[in-house]
Amino acid sequence: MAAQLLMAPRQFAPLKETGDKTTEMAPKLKGVVFDVDGTLCLPQTYMFVEMRSALSIPKGNDILAHVESLPAAEQEPAMQKIRDIERTAMASQTPQPGLLELMKYLQSKSVPKGICTRNFDMPVNHLLGKFLAGQTFGPIVTRDFKPPKPDPAGILHIAKAWGFEDARDMIMVGDSVDDMTAGYRAGAATVLLVNDVNAHLVEHEHTDLCISRLDELIDVLENGFVGQIGRGEEDADTKGRAKRVLWEGRREGSAQI
């Protein structure tokens, strides 16, 4: 069997001044893109159960792809059912721990922030207005942008809006395989916000780094982003790594309460 060709772990220079020419020679971070549900706010996964029930489709079927497959006359009524569920759920949105701290840090470092989500615009605007007033995000790519994640088009659209040729000097932060795959395919580094449901994605080939709280990313960026494993490398203890991230995050969270 031929030896597997490995790519070096993704790396960005520290955002703080270090005086270390070795680390400062790494690429500079030029922007961070965030998912919304499960990333900026706590997961509301019950919505997907309600959506599939409303549309009479089984678990595992992509909801937006199903709507797109319907006859033209049926697509808008189906999409309205989805929007109604999202509109109800947005009233109970809860910010992720460390949300504002991370956004203030990125703003202080003049790092652009964008959003790429499969939600429609109302829940996104509600979250930004309620929990992130005064923070600037743009572009904001929502469901109206086609094609949606896991296609990289939305992230690449943000990169071009920021004046970049591609997303290689950007990070995509999310909680789903669609987020990791879209970021990877766009050429961005990827950060998984780990929870009990998605811990298996730590071992996914498209995941560069995992955190259990958003503000954990502050220390990572301050001291220089380095992916945990090289692209294509097989790590036998990735499940153990996920458990450590979750345990350490909960321990730190308990200490702050």
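The values are calculated or read from the model by the stated rules, or taken from the named source; none is laboratory data. Only a predicted model underlies this, so the values are computations on that prediction, with no experimental measurement involved. Cβ coordinates were reconstructed from backbone atoms using ideal geometry, including for glycine residues, and neighbour counts include every protein chain displayed.
Among the residues of region 140-166, which ones are acidic (Asp, Glu) and without any contact (Cβ under 8 Å) to a residue 24 or more places away in the chain?
In the first step, residues of region 140-166 are kept if they are acidic (Asp, Glu); the result is 144, 151, 165-166.
If the condition is that a residue be acidic (Asp, Glu) and without any contact (Cβ under 8 Å) to a residue 24 or more places away in the chain, then GLU165, ASP166 are the ones that fit.
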Matching residues in region 46-63 (surrounded by 13 or more Cβ atoms within 10 Å (Cβ to Cβ) and either in contact (Cβ under 8 Å) with a residue 12 or more places away in the chain or within 28 Å of LEU209 (Cα to Cα) (or both)) number 8
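Select, from GLU76, GLU50, GLU86, the only residue that is in a helix (DSSP H, G or I), charged (D, E, K, R) and at pLDDT 85 or above. Before you say what the answer is, go through the steps one by one.
Details: GLU50 fails: at pLDDT 85 or above; GLU86 fails: at pLDDT 85 or above.
Going through GLU76, GLU50, GLU86 in turn, the sole match is GLU76.
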Reported set for region 79-100 where residues are charged (D, E, K, R) and closer than 19 Å to ASP175 by Cα is GLU86
Of the residues that sit in region 75-119 and are within 24 Å of TYR46 (Cα to Cα) and charged (D, E, K, R), which one is surrounded by the fewest Cβ atoms within 10 Å (Cβ to Cβ)? GLU76
Selection from region 85-126 of residues that are over 30 Å from HIS66 (Cα atoms) and in contact (Cβ under 8 Å) with a residue 40 or more places away in the chain: PRO97, GLY98, LEU99, GLU101, LEU102, TYR105, LEU106, LYS109, VAL111, PRO112, LYS113
Residues to consider are LYS109, LYS104; find the one that is in the same structural domain as HIS126 (by TED's automatic domain parsing), closer than 26 Å to ARG213 by Cα, at pLDDT 85 or above and over 18 Å from the mean Cα position of the chain (by Cα). LYS109
When region 106-124 is examined, which residues are found to be in a loop (DSSP other than H, G, I, E, B) and not small (Gly, Ala, Ser)? LYS109, VAL111, PRO112, THR117, ARG118, ASN119, PHE120
Filter region 134-160 for residues that are closer than 22 Å to SER108 by Cβ and in contact with a strand residue (DSSP E or B) (Cβ under 9 Å, 6 or more places away or on another chain) and give the result. GLN135, THR136, PHE137, GLY138, PRO139, ILE140, ILE158
Of all residues in region 164-205, count the ones that are under 12 Å from the mean Cα position of the chain (by Cα) and farther than 22 Å from MET103 by Cβ. 4
